[in-house]
Amino acid sequence: MAVAFAAARSTVPDHSRPQALVLAPLEGPRAPGWRRKSDSSEALVKGLLLCASLASAAASASRQQRPAQQQRRLGRRQRSRVRRSAGVGLELPELAIGTWAWGNRLLWQYTPEMDDDLRRAFELCVERGACFFDTGDTYGTGDLDGRSESLLGQFDAGLPAPLPWPLPSPRRPILATKWAPKVWMLSRESLVESCKRSIGRMGRVDVGQLHWPPAFFHESQLLDGLGDVYEQGLVKGVGLSNYGPQGLRGVVNRLAERGVPVATAQVQFSLLTENNDAFVETCLELGVKPIAYSPLCLGLLSGKYNEEGATLPPPPRGWLLGALSGDANFKRLLGVLDEIGKGRGKTRAQVAINWCVCKGAMPLVGVKNVIQAEENLGAIGWRLSDNEVLELDRASRAAPKTQPNPVSVP
C-alpha cells in the first residue's frame, strides 16, 4: 500500500516541539464490503502496530536523556518530514502546473482549438511526475466561465485506469482548485456548494483552496466552510491563496482547533515580487507547503519580450510587459539569468523557476503546449548553487516590482 507521512495535529497546535507522525493511506477509504483475507493477517498488522508503538515510546524516553543540541537536531529532521508531506496524506511534487490560461480569452487569448495542445501538455506533465494541477472556479472568461476546471476534469478522466495492486501504476494527478470568496457567499454552506460544483466539473477535488482573503465580513463563515469540505470528505486537503504570514498563521490555528490541517498556501512569488522569505519561513514552521504562482511574472522573466523584434502580447498583459521591459535594472536581472543559464545549459525561464525551488517553494507554472511543458520540466531535478542564488537575490532587490504582494500585508 502506498503511504505518505502526515502530521497528527492536536486541537491546540504546539510548534515548540516536533509533531507526531502517522502513516496515512494515499488511496483513500476502503470500498464498501472490503474485508481482510484472514484473521492471521489482521493479527500480524496489529502486532506490527504494537511493536511500532513500543518502539516509539522507547525512542521518546531515550530522547529525554539526549543532550539538548542533539534533541533539537532530531526535531528539525522530524519537522522536515512533516513539511514534505504538507500535513495531509498527499505527496506533493517539485513542480506544480497552473491552468489559469485554460479558457481565458482576455489575458491568454484562449480558443477551443487549443484544447488538443493542452491535453498533450497535461499528459506529458503527468508522465514526467509534475502531477499537481491548480485551477480555480472563476478561470475562464465570459461564456467560458469554469472552462479550466472542466478541461482539467476531462483530461484526468481520459488517463488510463490504474492497474490492479500490486502492479505498478503511474501516480494519479492531484487536482487542486480555488474558490473565489464572492460577496454574496454569506454562509459556510455557500463554500460547500462551490466545492460540489467544482467536483461536478472536475470529477473530484483533492485540494480545495480559498482564492483570496474575503474583503468583507464573511471570512469566518467561509473558513468554516473550508473546514466543512475537509470534514465531509469532499477534499483530501485544504489550502489558502494570497494570504500573508500573519493571516496564514491565524487561519492555520483556527482550523487546527477542528483538527483540519492546512496543506498549501500560495502567493505571487518571483524575482520581481517583494521578498518572500518571511512567508516561506512561516509556512515551514506551520507545516504548510508554500506555492509560488507566476514564477515567470506573466512570461516577463523568460526574456523573450526583450529580444530584438519581439512583439508584445495584447493588453492588458502587454501594458505590464511594455512598462517593465525597458527598465535598466530589469535588463540587468535578465543578464544575470542569462549568464547563469548559459553556464548550466538552461534557459532564463528555467533558472528563474529553479530559484523559487531553492527558496523553498513549489513553483506553479502555466502551460499551454508541449513546448512550454518541456521547458518548465527542465527547471527541476537540479539546484542552483548558493552563490548563484545570492547573485540573483542582489539583482532582484534592484529590479522593479510588478504589483503589491499579500506577503507585505498582515
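Things worth noting here:
- Applying the Karplus relation 6.51 cos²θ - 1.76 cosθ + 1.60 with θ = phi - 60° to the range 389-401 yields 3J(HN,Hα) values of 4, 5, 5, 5, 4, 5, 5, 5, 4, 7, 6, x, 9 Hz, where x marks Gly and Pro.
- The solvent-accessible area of I340, taken with every protein chain present and a 1.4 Å probe, is close to 10 Å².
- HN-Hα J in Hz across the range 162-169 - Karplus 6.51, -1.76, 1.60, θ = phi - 60°, x for Gly and Pro: x, 6, x, 4, x, 5, x, 10
- Working note: Cα atoms of the range 315-407, range along each principal axis, descending, whole Å: 33, 33, 28.
- Amide H within-cut-off set for G366, under 5 Å, with H built and near neighbours excluded: G98
- The range 290-299 - phi-based ³J(HN,Hα) in whole Hz, Karplus 6.51/-1.76/1.60, Gly and Pro as x: x, 10, 9, 8, 6, x, 9, 6, 6, x
- Proximal lysines relative to K178, as straight alpha-carbon distance under 17 Å, when same-chain residues fewer than 8 apart are discounted: K196, K236, K289
- The orientation-averaged projected area of the convex hull spanned by the Cα atoms of the range 252-300 comes to 3.6 nm².
- Charge dipole (Cα centre; +1 on Lys/Arg Cβ, -1 on Asp/Glu Cβ; no other charges) of the range 314-375 amounts to roughly 60 debye.
- Exposure rank, largest accessible area first [D338, D228, D143; 1.4 Å]: D143, D338, D228
- Volume per residue of the C-alpha convex hull in the range 296-354, rounded to whole Å³: 74 Å³
- Dimensionless Rg/Rh of the range 185-339 - Kirkwood Rh, Rg from C-alpha atoms: 1.08
- Alpha carbon convex hull of the range 255-392, projected area averaged over orientations, nm²: 10.0 nm²
- For A265, the amide hydrogen comes within under 5 Å of the amide hydrogens of L240, K289, I291, counting only partners 5 or more places away or on other chains and with H modelled in the peptide plane.
- Rg over Rh for the range 333-376 works out to 0.99, both radii taken from alpha-carbon positions and Rh defined as the Kirkwood radius.
- For the range 112-164, alpha-carbon Rg relative to the globular expectation (2.2 N^0.38 Å, N residues): 1.22
- Each residue, Q246 and L167, gets one label point 7 Å from its Cα in the Cβ direction; the gap between the two is 5.6 nm.
- Taking a straight line from the alpha carbon of K342, these lysines sit under 28 Å away, with near neighbours fewer than eight places off in the same chain left out: K304, K331, K359, K368, K401.
- Trypsin sites (Lys or Arg not before Pro) restricted to the range 324-398 and DSSP loop, no more than 12 other C-beta within 10 Å: R383
- Only protein atoms count toward the accessible area here, which uses a 1.4 Å probe; on the range 278-361, the carbon and sulfur part of that area reaches 51 percent.
- Computed over the alpha carbons of the range 146-258, Rg followed by Dmax gives 15.6, 51 Å.
- The range 295-410 - accessible surface per residue (Å², probe 1.4 Å): 46 Å²
The values are calculated or read from the model by the stated rules, or taken from the named source; none is laboratory data. This structure is a prediction, so every number in the text was calculated from the model and none was measured. Counting neighbours? That spans all protein chains shown, and the Cβs are built from the backbone with ideal geometry, glycine included. Ligands, DNA and RNA are excluded from the accessible area calculation, which covers all protein heavy atoms including side chains. Shrake-Rupley method; radii C 1.70, N 1.55, O 1.52, S 1.80 Å.
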